[in-house]
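First comes the structure, then the notes that go with it.
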Amino acid sequence: MISPLIRWEHSEDWFVMTYESQEREKSGERSVAIDPKDEDKKYLTGHVIDGRNLFPATAYLELVWESLAIMTEQVYTEMSVVFEDVRFHRATKIPKEGNTEFIIMVQKGSGNFEVIEGGGSVVSGIVQVLENTSYKRASLEPPDPCYNDELLEFSSHDIYKELRLRGYDYQGAFCGLVSLDSLGQTGKIHWNNNWVTFMDSMFQAQLFHTDSRSLFIPIAIQKLTIDVKRHTACLQELDVPVHVYKEMNIIQSGGVEVRGLRSSAVSRRKPLSQPVLEKCVLTPYVEPAHLDLHTTLRVCTHITLENKPVTQVKVVELHNPGWVPLAPAVALILADLPLLKANITILAKAGDLSEMDLNMAEVKIEDHKLKDKQECTLLIASNILLHRELLQTAVNALADGACILAREKVGTESELSNGFRLETMFEKTLKEEKLLLLRKGVTLGNPVVIHVTGHNYDWLPEVQTAIRSSSKRHVILVVQGEPLSGVVGLVNCIRKEPGSDYVRCFFILDSSAPQFDVNLPLYQQQLKKDLVMNVYSGGKWGSYQHLPLDGCATVSTPHVSLKIMTPGDLSSFRWLEGNLVPESVQTTPDEELVQIYYSALNFGNVVLATGKVAANFLGNNQLSQDNVQGMEFSGRDQKGCRVMGMMAQQALASMVLADTKMLWKVPDHWTLEDAATVPVVYSTAYYALVMVGGMKKGESVLIHSGGGGVGLAAINICLHAGCMVYTTVGTKEKREFIKKQYPQLTDRNIGNSRDTSFEHLVLTETNGRGVDLVLNSLSEDKQQASIRCLAPRGRFLEIGKFDLANNSFLGLEVFLRETSFHGVMLDKVTSEDPETLKILQDIVTQGISAGVVRPLPRTVFPYTEVEQAFRYMTTGKHVGKVLMQFQPEEDSKVVVPAPRLMQAYPQYFCNPSYSYIIAGGLGGFGLELADWLVLRGARKLVLSSRSGVRTGYQSFRVRTWRSYGVKVVISLADITTKSGVRALLSEANRLGQVDAIFNLAVVLRDAFLENQTKADFVTSAGPKAIATRHLDELSRQMCPHLRHFVVFSSVTCGCGNTGQTNYGMNNSIMERICEARVRDGLPGLAVQWGAVGDVGLVAEMQEKHRDRAIGQL
């Protein structure tokens, strides 16, 4: 009998086609309910963009494909189709619970389809069955893969790392790209028998053609061909080649071809939480200076939790009428600490206090007695020291090792009766009260004292043995005479491990302190308090505490620029410090430094600020997507002459480096306020009407939005040229203004821009002929009505971008009348066409001389009211221009402007002539730091790495920076040796004066302390403690003008983490080195980073599915 020996083989998954019986849809309409919990739809949960689970664009097409197959009684996966003119109108969010219902409608004859969800159209287009798709596919030679020693291939890991940073959190089958070359031209996609994920991966490949951290979603496809037979023939291997033809906007893979894929940038969602920003400061336990009530309360809370580590914190406050409760402030402090669950109660008599008074759901109010409470972590009470019975009740309510926070009147005797055995852990006298943190003292029997040194690790076995002991004797780790020791980070991490509750730290920094001896009064008294951290400095005991980071103070600077910190939130506008210093600016012959007096707001600024379009609207790389507000200005050049001008962006600033081809002298009879209303509106109108439209005397022109800046400028130009003008306005007030400003225009010339009634007006007044030119800024049905207003051989001049960006329908019938349609893009001219720009400059100059160009009406706001100015412009009530005033104009026509200091938030800038060193610069964090430095102006980078460029992602970032003109040097110098650091600094000095050094290097050797070896500590110390010592010592000699010395530490050091004792110790050493540098008057900064999920160590661990809690930021 062999049957008992036969078993099913389940070691490999096999995909088979599922056929479902469905009735033929005769009407071409069907309803489909999608539930991501269904087995065959679970994969949809992996399509996550910007934190939202969105229904994939390709999944809509699959629904249409299935519907067409049902109508023709075919199996859709065996039926070749072609989609054309596909429009994605909006996204559909997949709910966590329940179904998403779609209605799919396909017309039999035309193939027009529409997908409806929630009563609205989400996708539309045309679909057809094709028997022979070979004629529809472009015959193209595959591009040559771009691989060499410097341009490495993207791995799947590299690809989805970059996409994750852009906001695409793809998971599962949606991570289909296996590889891409460094230019994003060729690669491979894994076929897992899923058309949706396969085609979505094709879309993903196109994202690598631009260096942008903006988020793009598909909005249209010109044609998508699916040749099932060809695709089957390509599946010799499951990794299918993909080719992206950027110039032709074609993507081909297997039997699928995508032509004309268009994507639109969308604003990222505002983060739901803000990072906690703190500073780690050595804080005395007795009367520390410069602490207010809230900070003192924070210190007391942190000390309590440091010495009584719990995950569930029970806080009870005994309310005393006349004292403001502290419990709400404690709730806010605990909210900053992750992984803690707080139970906060105020004990108050009925009527004394209500939850409405606190306005905090996290704090409960109970009319109970204190004696009813037990196991409190922190108990807060007022005037408790003078009430012995109440004090005893409070002590009884405490958990072991917990604390009482006593609020006493200033001058109250704080000596405690020996009967309570309470010790004062912390005390601070404030203006109105004195806070004392109390806890039961202990009597140490015979503690284990171990002296820790940084010279060697001979102490490690002794510590391991002491902690393994089950005697629960206190283990005291002592450091004396070594101010750069990492014992603080070491002990914080040890105490996170099982059985290490009795470990204590004595870090003696004061050189005048006696040698440590448990029998000496100085140490004996401190030991009785049983505090975890005992740092002795300047004759006082204290510990390192995380205090709130001081708010970002403004600075006085001559150059400020405007930036919206959160698009969509107009209250987040900030004036930021700029990098132009008038005394040191070096200009080229084509540049002029201009001090701005007035700057104008434009509609483009508003749509960017309100988040309706993303920053990449003005550029395809990161360099052009920062501080993009402002296009025109007026002010004075370095000689004191009055000028006005425009630029692609960044004109909402106090000074600019202007292109001389976009500058004009201000006429003597104009003010600078007048001049600021002119540049963009007249340049736009002249470029559209004269240069593009070829306007002639006697022609008729329809000018939309005549009350706006461009509209008024165009009316001036057209009337002066002898043209018949028709215009539209949106309000009665603007209509009256137009008639008053231009008496030759009556109600017969002015229509309504809010509807299409202007079409009847124009055709009636022209006897059905229409107008020769239309200057259009209206959209949708109003644009179509405007096109119908064209006369034979008329020219349509589109200055709006809405319909162009959305590829709105434009019927060809209008061209039977020999009309023409022109998209007018002044922003393209200002950035890409210097010859046209010079012609435009001359035309505007002639217009000024002829009196055609006249200043427009304006509303002026001081630069301090920028939010009000933008809100006013969003209402559309203004006539003419909205201006920001930076400073008043002087009476004299020529005045050399003195730099005017303004208040702004500081912003970091790099000097392009200096060099910047990043140790660990090719790691995830290092690459992001380098990218940030490049965006801040760095043009000389030295990236130190043990192994050099090894991944496609590293190669991609380096290639991108070099395309910006950055000199990138990859140094393989061994920074764990003094000679290696000397070589690194020498290499950087040859590029340029070293301005900043950043040490991000790290080698992890994680394990429980009992499994750690001396070699692990030595290896971990190399890139951190040892390298930082060498960088500190040698930079003092070789980098005399160093501006920044920064090391990346970790919250592991400040708060501890299981299994990272060597890591915590070495981070702590780096922090002490930075403290020493600051004491010596040198730059030094250590940043304790929390868990960062996008790049770096935590991100790598998450990708490998390692479960680790690193802490908080």
ask   = What number goes with the only condition from (1) within 23 Å of residue 1074 (Cβ to Cβ); (2) more than 26 Å from the chain's Cα centre (by Cα) that residue 923 does not pass?
value = (2)
note = The lone condition residue 728 fails out of (1) among the polar types (S, T, N, Q); (2) in a loop (DSSP other than H, G, I, E, B); (3) touching a strand residue (DSSP E or B) at 6+ places or on another chain (Cβ under 8 Å) is (2)
query = (1) touching a Cys at 6+ places or on another chain (Cβ under 6 Å); (2) part of a loop (DSSP other than H, G, I, E, B): which one isn't true of residue 933, the others all being true?
reply = (2)
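What strands (runs of 3 or more DSSP E) lie completely within the stretch 776-871 and have 3 or more residues being out of contact with any Phe, Trp or Tyr (no Cβ under 9 Å at 6 or more places or on another chain), closer than 22 Å to residue 760 by Cα and in contact (Cβ under 8 Å) with a residue 24 or more places away in the chain?
The strands (runs of 3 or more DSSP E) meeting that bar are 790-798.
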message = For the condition over 30 Å from residue 1045 (Cβ atoms) and at pLDDT 90 or above, what is the one hit in 858, 900?
response = 858
note = Counting only strands (runs of 3 or more DSSP E) wholly inside the stretch 548-601, the ones holding at least 3 residues that are modelled with pLDDT of 90 or more and closer than 30 Å to residue 665 by Cα are 560-564, 573-577, 591-601
remark   = The correct count of residues that are assigned to a strand (DSSP E or B), more than 15 Å from residue 503 (Cα to Cα) and free of Cβ contacts under 8 Å to residues at least 40 places away in the same chain in the stretch 534-545 is 1
Among (1) surrounded by 23 or more Cβ atoms within 10 Å (Cβ to Cβ); (2) modelled with pLDDT of 95 or more, the one test that residue 1046 misses = (1)
task = Please go through the stretch 992-1021 and pick out each residue that is crowded, with 19+ Cβ neighbours inside 10 Å and in a helix (DSSP H, G or I).
result = 1009, 1016, 1017, 1020, 1021
ask   = In the stretch 224-252, how many residues are of a type in the set (Lys, Arg) and either under 29 Å from the mean Cα position of the chain (by Cα) or at pLDDT 95 or above (or both)?
value = 1
Hits in the stretch 197-240 - residues which are assigned to a helix (DSSP H, G or I), out of contact with any strand residue (DSSP E or B) (no Cβ under 7 Å at 6 or more places or on another chain) and under 30 Å from residue 961 (Cα atoms) = 200, 209
ask   = Can we say residue 529 is surrounded by fewer than 16 Cβ atoms within 10 Å (Cβ to Cβ), closer than 21 Å to residue 436 by Cα and outside the structural domain of residue 1088 (by TED's automatic domain parsing)?
value = no
task = Within the stretch 1084-1101, identify whether any single residue is in a helix (DSSP H, G or I) and without any contact (Cβ under 8 Å) to a residue 40 or more places away in the chain, and answer yes or no.
result = yes
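Restricting attention to the stretch 859-877, report how many residues are among the charged types (D, E, K, R) and either crowded, with 20+ Cβ neighbours inside 10 Å or touching a helix residue (DSSP H, G or I) at 6+ places or on another chain (Cβ under 7 Å) (or both). Show your work before the answer.
Going residue by residue through the stretch 859-877, those that are among the charged types (D, E, K, R) are 865, 867, 871, 877.
Okay, now just the ones that are also either crowded, with 20+ Cβ neighbours inside 10 Å or touching a helix residue (DSSP H, G or I) at 6+ places or on another chain (Cβ under 7 Å) (or both), so 867, 871.
Of the residues in that region, 2 qualify.
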Subset of the stretch 1030-1061 that is free of Cβ contacts under 8 Å to residues at least 60 places away in the same chain and out of contact with any strand residue (DSSP E or B) (no Cβ under 8 Å at 6 or more places or on another chain) - its residue that is farthest from residue 1006 (Cα to Cα) = 1040
task = Examine the stretch 468-480 for a residue that is surrounded by 22 or more Cβ atoms within 10 Å (Cβ to Cβ) and within 41 Å of the chain's Cα centre (by Cα), and state whether such a residue exists.
result = no
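I'm checking my understanding of the structure. Among residues of the stretch 182-196 that are touching a residue at least 60 places away in the same chain (Cβ under 8 Å) and under 27 Å from the mean Cα position of the chain (by Cα), which one is surrounded by the fewest Cβ atoms within 10 Å (Cβ to Cβ)?
The first filter runs over the stretch 182-196 and keeps only residues touching a residue at least 60 places away in the same chain (Cβ under 8 Å), leaving 182, 184-185, 189, 191-196.
Among the residues that remain, those that are also under 27 Å from the mean Cα position of the chain (by Cα) are: 182, 184.
Values: 182: 23, 184: 21.
Across the stretch 182-196, the extreme among qualifying residues is 184.
Going through 531, 477, 522, 490 one at a time, which residue ends up being part of a strand (DSSP E or B) and among the aliphatic types (A, V, I, L, M)? Walk me through how you get there before you give the answer.
Working: 531 fails: part of a strand (DSSP E or B); 522 fails: part of a strand (DSSP E or B); 490 fails: part of a strand (DSSP E or B).
Residue meeting the stated conditions: 477.
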ask   = Restricting the stretch 874-897 to residues that are charged (D, E, K, R) and farther than 18 Å from residue 653 by Cβ, which is modelled with the lowest pLDDT?
value = 877
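Just a yes or no: is a residue in the stretch 128-136 free of Cβ contacts under 8 Å to residues at least 60 places away in the same chain, assigned by TED's automatic domain parsing to the domain that holds residue 239 and of a type in the set (Asp, Glu)? Walk me through it before giving the result.
Filtering the stretch 128-136 down to residues free of Cβ contacts under 8 Å to residues at least 60 places away in the same chain leaves 128, 131-132, 135.
From the residues that got through so far, the ones that are assigned by TED's automatic domain parsing to the domain that holds residue 239 too are 128, 131-132, 135.
With of a type in the set (Asp, Glu) added as a condition, the list becomes 131.
Within the stretch 128-136 (the criterion being free of Cβ contacts under 8 Å to residues at least 60 places away in the same chain, assigned by TED's automatic domain parsing to the domain that holds residue 239 and of a type in the set (Asp, Glu)), the answer is yes, since at least one residue qualifies.
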ask   = Which residue, of 608, 562, is closer than 27 Å to residue 799 by Cα, of a type outside the set (Val, Ile, Thr) and free of Cβ contacts under 8 Å to residues at least 60 places away in the same chain?
value = 608
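Name the single residue, out of those in the stretch 707-716 being buried (at least 24 other Cβ atoms within 10 Å of the Cβ) and in a helix (DSSP H, G or I), that is modelled with the lowest pLDDT.
First pass over the stretch 707-716, keeping only residues buried (at least 24 other Cβ atoms within 10 Å of the Cβ): 707-715.
Those left that are additionally in a helix (DSSP H, G or I): 709-715.
Working: 709: 88, 710: 92, 711: 93, 712: 93, 713: 94, 714: 95, 715: 96.
The residue in question is 709.
Of a type outside the set (Lys, Arg) and in contact with a helix residue (DSSP H, G or I) (Cβ under 7 Å, 6 or more places away or on another chain): which single residue out of 452, 491, 478 fits that description?
Working: 491 fails: in contact with a helix residue (DSSP H, G or I) (Cβ under 7 Å, 6 or more places away or on another chain); 478 fails: in contact with a helix residue (DSSP H, G or I) (Cβ under 7 Å, 6 or more places away or on another chain).
Testing whether each residue is of a type outside the set (Lys, Arg) and in contact with a helix residue (DSSP H, G or I) (Cβ under 7 Å, 6 or more places away or on another chain) leaves just 452.
Could we say that residue 756 is under 27 Å from residue 825 (Cβ atoms) and either at pLDDT below 95 or surrounded by fewer than 17 Cβ atoms within 10 Å (Cβ to Cβ) (or both) here?
On the way: under 27 Å from residue 825 (Cβ atoms): yes; either at pLDDT below 95 or surrounded by fewer than 17 Cβ atoms within 10 Å (Cβ to Cβ) (or both): yes.
Here the answer is yes, as residue 756 does meet what is asked.
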inquiry  = Being charged (D, E, K, R) and surrounded by 15 or more Cβ atoms within 10 Å (Cβ to Cβ) is the filter here; which residues of the stretch 424-461 pass it?
reply    = 427, 428, 433, 434, 439, 440
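Listed residues 154, 174, 208; which is of a type outside the set (Val, Ile, Thr), closer than 30 Å to residue 106 by Cβ, at pLDDT 85 or above and touching a helix residue (DSSP H, G or I) at 6+ places or on another chain (Cβ under 9 Å)?
Details: 154 fails: closer than 30 Å to residue 106 by Cβ; 208 fails: closer than 30 Å to residue 106 by Cβ.
Of 154, 174, 208, the one residue that is of a type outside the set (Val, Ile, Thr), closer than 30 Å to residue 106 by Cβ, at pLDDT 85 or above and touching a helix residue (DSSP H, G or I) at 6+ places or on another chain (Cβ under 9 Å) is 174.
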query = With respect to the numbered conditions (1) in contact with a helix residue (DSSP H, G or I) (Cβ under 9 Å, 6 or more places away or on another chain); (2) under 27 Å from residue 310 (Cα atoms), which one is the sole condition not fulfilled by residue 1087?
reply = (1)
request  = Find all pairs meeting these conditions: Cβ atoms under 9 angstrom apart; at least six residues apart or on different chains; first residue within the stretch 586-601 and farther than 15 Å from residue 902 by Cβ; second residue of a type in the set (Asp, Glu) and in a loop (DSSP other than H, G, I, E, B).
outcome  = 592/637; 593/637; 594/637
inquiry  = Of all residues being farther than 23 Å from residue 864 by Cβ and among the polar types (S, T, N, Q) in the stretch 878-936, which is surrounded by the fewest Cβ atoms within 10 Å (Cβ to Cβ)? Just the residue, please.
reply    = 892
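The values are calculated or read from the model by the stated rules, or taken from the named source; none is laboratory data. Because the structure is a prediction, the values reported are computed rather than measured. Here the Cβ is made from the backbone with ideal geometry for all residues, glycine too, and neighbour counts use every protein chain on show.
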